[in-house]
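Structure record follows, encoded as structure tokens.
The values are calculated or read from the model by the stated rules, or taken from the named source; none is laboratory data. Values in this document were obtained by computation on a predicted structure and should not be read as measured data. Every residue, glycine as well, gets a Cβ built from its backbone with ideal geometry; the counts of neighbours run over all protein chains shown.
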Amino acid sequence: MALSSRAKRGDPPIVIASEARRSPRLLRRPCLLAMTPLFVIANGATAKCGNLFCCHPYSKKHFHMVTYNQDTLRRRNTLKTLIIIPAYQEAKNLPKLFKELKEVPLDFDVVVINDCSTDNTEEVCHQHGIPVVTLPVNLGIGGAVQTGYRYALNHGYDIAVQMDGDGQHDPKFLKLVLSRIHEGYHMSIGSRFIENKGYQSSLSRRAGIKFFTGLIKLVTGQYISDPTSGFRACNRELIKLFANNYPKDYPEPETIVTALRNKYRIAEVPVIMRPRQSGESSITKNLAAYYMIKVTLAVIMAAIARKNGDGIK
Amino acid sequence: MSSVLRVILVIGSVCFFIFILNMVRTKKLELKYALTWILTSFSFVLLSLFPEILFFIAALMHVELPVNALYLCVIFLLLMIVFTLSVAVSRQALRIKTLVQEIGLIKETLERMKK
């Protein structure tokens, strides 16, 4: 498509006004797309090229409008998407998640990374016909997720989505999380704290999360409302990066900083999370202090790390 | 220094040296790490045989008591060894992690091919 802000005759841009109304916070931060020049058209009115957020000319309501040219749309339909589900002792929760995933009208594959569970997580996956990678040794959440990224890289996936196996993340929001990747962002995070709906976690945890939001803002300059969210999608470039280099435990805030440091662009979308259905969080009360210190250190280290650093060789 | 103490030290350090050599011989210790220990135990033997070396080193370092010079050197050496080990452990952990992941992935591919 030509590098102009107008459509060529006979090549009408396709307008997609996204389903969700944006929160005011996001609206105040118009972001530019770095992909091919896009046409933003609302009911016939043309807005500034490349500006994602604009006003609906009639209703004055804020809409999120992006136009895709044919190429983008074609690419979007052929993008191979993988859902990575790290699972440790999740035999009880997985069947429900699989059922919900089947109801999502999107084209994607699923892989479960069974982190050496002692329950019958593996059998449950086999019963439901879901590919499962069983690790012979327990590696922790980071190692399991990284296995997923390696799987995605090996099988040539364009997009990888991380979802917890404990039922906290609702597959309903997959479409919304993926939409930002389709728009050209490298990473898209499902955040509980944009619309503040659903499970908000305990007060002390929220305080901890706010601390990391502040810390990430300090070292990268970007506001990430839910840096600990494990509901996230990323594109091929980040799949490659994460397949080679991913922290071992408590990886979420650290990877955000690594991605931002390497000039990848991150977007957040509002999602509603549920309390975990059964099992326990990996961060218990006794470990909270350790978690805070470790992650703080990891975030600072990631901020001063060598770009595209591969970690220990 | 009393002669009894000296004999004890010599016997102790020689035993240590032989023990290290035996570990290398039976391949329980990788040569890469064994070198550090061989040198360390050998210098113990030397020091117990000729404590005058220590007096000389202390004088060189302007340390009043030779024993303090000894402690300083030994602590420094130990710190270096421990740090090297930490580096080695980190590297091993990363390698093991990668291997475990690869094994998991390969097993999955294998199962898929069987079907």
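Assorted remarks:
- Of the residues screened, B:LYS97 is one that is within 24 Å of B:LEU29 (Cα to Cα), free of Cβ contacts under 8 Å to residues at least 40 places away in the same chain, at the interface with another protein chain (Cβ under 9 Å from one of its Cβ atoms) and surrounded by 14 or more Cβ atoms within 10 Å (Cβ to Cβ).
- Any hit, the stretch A:87-97, residues being crowded, with 18+ Cβ neighbours inside 10 Å, away from chain B (no Cβ under 14 Å), within 21 Å of the chain's Cα centre (by Cα) and not in a loop (DSSP other than H, G, I, E, B): yes
- Qualifying positions in the stretch B:23-45 - among the aromatic types (Phe, Trp, Tyr) and under 11 Å from the mean Cα position of the chain (by Cα): B:TYR33, B:TRP37
- Leading residue by the ranking (nearest to A:ALA298 (Cα to Cα)) among those in the stretch A:243-265 that are buried (at least 19 other Cβ atoms within 10 Å of the Cβ) and in contact with a strand residue (DSSP E or B) (Cβ under 7 Å, 6 or more places away or on another chain): A:ILE256
Each row is one residue, and each column tells you yes or no for (1) under 16 Å from A:ILE256 (Cα atoms); (2) in contact with a His (Cβ under 6 Å, 6 or more places away or on another chain); (3) of a type outside the set (S, T, N, Q); (4) in a strand (DSSP E or B).
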| position | (1), (2), (3), (4) |
| --- | --- |
| A:VAL177 | yes, no, yes, no |
| A:ILE181 | yes, no, yes, no |
| A:TYR185 | yes, no, yes, no |
| A:GLY190 | yes, no, yes, yes |
| A:SER201 | no, no, no, no |
| A:ARG205 | no, no, yes, no |
| A:GLY214 | yes, no, yes, no |
| A:LEU218 | yes, no, yes, no |
| A:GLN222 | yes, no, no, no |
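- Within the stretch A:124-180, considering residues that are among the polar types (S, T, N, Q) and more than 13 Å from every other protein chain (Cβ to nearest Cβ), the one surrounded by the most Cβ atoms within 10 Å (Cβ to Cβ): A:GLN162
- Extreme residue, farthest from the other protein chains (Cβ to nearest Cβ), among residues of the stretch B:100-115 that are surrounded by 13 or more Cβ atoms within 10 Å (Cβ to Cβ) and not acidic (Asp, Glu): B:THR109
- Residue identified as without any contact (Cβ under 8 Å) to a residue 60 or more places away in the chain and among the small types (Gly, Ala, Ser) among A:GLY165, A:GLY190, A:GLY214, A:GLY198: A:GLY214
- Residue match in the stretch A:234-255 (condition: at positive phi and modelled with pLDDT under 90): yes
- Boolean, A:TYR185 is aromatic (Phe, Trp, Tyr), surrounded by fewer than 20 Cβ atoms within 10 Å (Cβ to Cβ) and either away from chain B (no Cβ under 14 Å) or farther than 30 Å from B:LEU105 by Cα (or both): no
- Residue match in the stretch B:1-22 (condition: touching a residue at least 12 places away in the same chain (Cβ under 8 Å) and exposed (fewer than 10 other Cβ atoms within 10 Å of the Cβ)): yes
- Being under 19 Å from the mean Cα position of the chain (by Cα) and buried (at least 22 other Cβ atoms within 10 Å of the Cβ) is a property that A:SER191 has.
- Test: residue in the stretch A:107-123 that is in contact (Cβ under 8 Å) with a residue 60 or more places away in the chain, more than 14 Å from chain B (Cβ to nearest Cβ), under 17 Å from A:GLY167 (Cβ atoms) and charged (D, E, K, R): no
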